[in-house]
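Scroll down for the structure; my scribbles are underneath it.
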């Protein structure tokens, strides 16, 4: 029994050391990905499709509810305007509540997030869990794909 305890402790310790090494090894990628998400949310709240589209990498994929949409270029993405539809729901701005890295490599980071939508008086409207995949494509860090149950 004691032998099993020590084996489990050793395996857990090795796993945690490997996980810490992996996160440290990919710290620059994680830092870049978090900066991208900061810029993504900031530009989203500015309601500027052009600057918001610059926080993405293309082709860009969005899984929303049961729909999958792919935009091949920045021009294609920035030609849409989602902000009137959001405003009609009472939305004024959004904010990250949590962001947790679930997978990281030198050029790709998966981040599990929770974001909150607010009205103009900063009252919460809805909260959504989502997954963002941030990539380094040709030297540009951007959101390559995102998935949530948000409409």
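State yes or no: is residue 91 on the phi < 0 side of the Ramachandran plot, part of a strand (DSSP E or B) and surrounded by 15 or more Cβ atoms within 10 Å (Cβ to Cβ)?
no
Being surrounded by 13 or more Cβ atoms within 10 Å (Cβ to Cβ), more than 16 Å from residue 41 (Cα to Cα) and either in contact with a helix residue (DSSP H, G or I) (Cβ under 8 Å, 6 or more places away or on another chain) or in contact (Cβ under 8 Å) with a residue 12 or more places away in the chain (or both), is that true of even one residue in the stretch 113-124?
no
Sort out which residues of the stretch 129-146 are crowded, with 16+ Cβ neighbours inside 10 Å and more than 14 Å from residue 40 (Cβ to Cβ), and write them in order of number.
Listed by number, the list holds a single entry, 136.
Restricting attention to the stretch 46-67, which residues are surrounded by fewer than 15 Cβ atoms within 10 Å (Cβ to Cβ) and either modelled with pLDDT under 95 or assigned to a helix (DSSP H, G or I) (or both)? If you could, list the steps in order and put the result at the bottom.
Applying the first criterion (surrounded by fewer than 15 Cβ atoms within 10 Å (Cβ to Cβ)) to the stretch 46-67 yields 46, 48, 50-51, 59, 65-67.
Result: 46, 48, 50, 51, 65, 66, 67.
Quick check on my filter: what residues within the stretch 71-95 are modelled with pLDDT of 95 or more and touching a helix residue (DSSP H, G or I) at 6+ places or on another chain (Cβ under 6 Å)?
71, 74, 77, 93
Name the pairs whose Cβ atoms lie under 6 Å apart, with the first residue in the stretch 96-112 and at pLDDT 95 or above, the second assigned to a loop (DSSP other than H, G, I, E, B), and 6 or more positions between them or separate chains?
As it stands, the answer is 104/26, since those pairs meet every condition given.
Give me a count of the residues in the stretch 51-100 that are closer than 19 Å to residue 117 by Cβ and in contact with a strand residue (DSSP E or B) (Cβ under 9 Å, 6 or more places away or on another chain). Break it down stepwise before answering.
Residues of the stretch 51-100 that are closer than 19 Å to residue 117 by Cβ, as a first pass: 52, 55, 62-65, 67, 80-99.
When the remaining residues are screened for being in contact with a strand residue (DSSP E or B) (Cβ under 9 Å, 6 or more places away or on another chain), the result is 55, 62-65, 80, 86, 89-99.
Of the residues in the stretch 51-100, 18 are closer than 19 Å to residue 117 by Cβ and in contact with a strand residue (DSSP E or B) (Cβ under 9 Å, 6 or more places away or on another chain).
So for the stretch 77-84 (the condition being more than 21 Å from residue 36 (Cβ to Cβ) and either within 16 Å of the chain's Cα centre (by Cα) or in a helix (DSSP H, G or I) (or both)), does at least one residue qualify? Talk me through it step by step, then tell me what you get.
Pass one, the stretch 77-84, residues more than 21 Å from residue 36 (Cβ to Cβ): 79, 81, 84.
Then drop every residue that is not either within 16 Å of the chain's Cα centre (by Cα) or in a helix (DSSP H, G or I) (or both), which leaves 84.
So far as the stretch 77-84 goes, yes, one or more of its residues are more than 21 Å from residue 36 (Cβ to Cβ) and either within 16 Å of the chain's Cα centre (by Cα) or in a helix (DSSP H, G or I) (or both).
The values are calculated or read from the model by the stated rules, or taken from the named source; none is laboratory data. Please read all numbers here as calculations on a predicted model, not as lab measurements. No Cβ is skipped: glycine too gets one built from the backbone with ideal geometry, and neighbour counts run over all protein chains shown.
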